[in-house]
1. Taking a ≥ b ≥ c as the square roots of the eigenvalues of the Cα gyration tensor of the stretch 66-136, is the shape rounded (a/c under 1.5), prolate (a/b larger than b/c) or oblate?
2. By a straight-distance test (C-alpha under 23 Å), which lysines pair with residue 168 as possible cross-link partners, with residues fewer than eight away in the same chain excluded?
3. Tell me, what % of the accessible area of the chain is carbon and sulfur with a 1.4 angstrom probe?
4. Placing unit charges on C-beta atoms (Lys and Arg positive, Asp and Glu negative, everything else neutral), compute the dipole magnitude of the stretch 54-134 about its Cα centre in debye, rounded to 20.
5. Could you sort 76, 139, 43 by their accessible area in this structure, using a 1.4 Å probe and putting the largest first?
6. When the convex hull of the Cα atoms of the stretch 50-181 is projected onto a plane and the area is averaged over all directions, what value comes out in nm²?
7. Within the chain, what's the longest stretch lacking GluC sites (Glu not before Pro) that sit in DSSP loops with no more than 15 other Cβ atoms inside 10 Å?
8. For the stretch 133-180 and the stretch 33-63, compute the distance between their C-alpha centroids and round to whole Å.
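The values are calculated or read from the model by the stated rules, or taken from the named source; none is laboratory data. Here the structure is a predicted model, which is why all the values come from computation and not from measurement. All Cβ positions, even for glycine, are placed from backbone atoms using ideal geometry, and neighbour counts span all protein chains on display. Note: accessible area is taken over every heavy atom of the protein model, side chains too, but ligands, DNA and RNA are not part of it. Shrake-Rupley method; radii C 1.70, N 1.55, O 1.52, S 1.80 Å.
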Amino acid sequence: MSEVIYVDRDPRYVAGECCVKIPLTFLNSGDIDTGCIVGVKEDGYAEKVRRATLTADAAVSATQLVIDSIPVKIGDSVHIMKADGTALEDLGAVTNINTGTKTVTVTTGLTTAHAAGSFLFVKDGSEKAVGVLAEPVIDDGSEFVASVYIKGVFDTNYVTGIDSISLKDLYGRVVNNILVL
């Protein structure tokens, strides 16, 4: 079953002049819903920030990791780091995904134990958040230019991908379910 993309969703809490947006180009990013936190890959194309949080502790040498969502694909090169930004490790490629148990298998075992709350992410440049997608991206295999908010006030009910790292990247904060950039 594919994800439903809503074309009438507006993540802004306050419409009008308080929001600043820029154009970014997407290519082969998959469909992305309005309100998603996005970054820019090393090749210059935008992509949703593909990061998940470990929901179970992982011991040294572990290659199977239980996470809160599946933002990765088989073949993606992934990294892991503790919630405080330490212990960055290259885990190689994702070799298997079990969506039922939300478990991914990677080629390289952990060299440091990681507690629940550590972040697993695709390290391709897009892990650094640059803004909130202002309109949906429907991927048809060709380049697509979409607007991205880099400043504004947003309803967190319509913004996806907010975590402590993206808040730091965006110089943002959340107050009473309102995201302020």
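1. Numbers: a/c = 1.63, a/b = 1.24, b/c = 1.32.
Oblate, because a/c is 1.5 or more while a/b does not exceed b/c.
2. Here the lysines satisfying the reach criterion relative to residue 168 are 21, 41, 48, 82, 123, 128, 151.
3. Numbers: 4730 of 9120 Å².
In the chain, the share of accessible area belonging to carbon and sulfur is 52 percent.
4. 120 debye
5. The ranking, largest first, comes out as 43, 139, 76.
6. Values: hull surface 35.0 nm².
Averaging across all directions leaves 8.8 nm² for the Cα convex hull.
7. Working: sites that count: 3, 17, 42, 143.
Segment 43-142 is the longest.
8. Comparing the Cα centres of the stretch 133-180 and the stretch 33-63, I get a distance of 14 Å.
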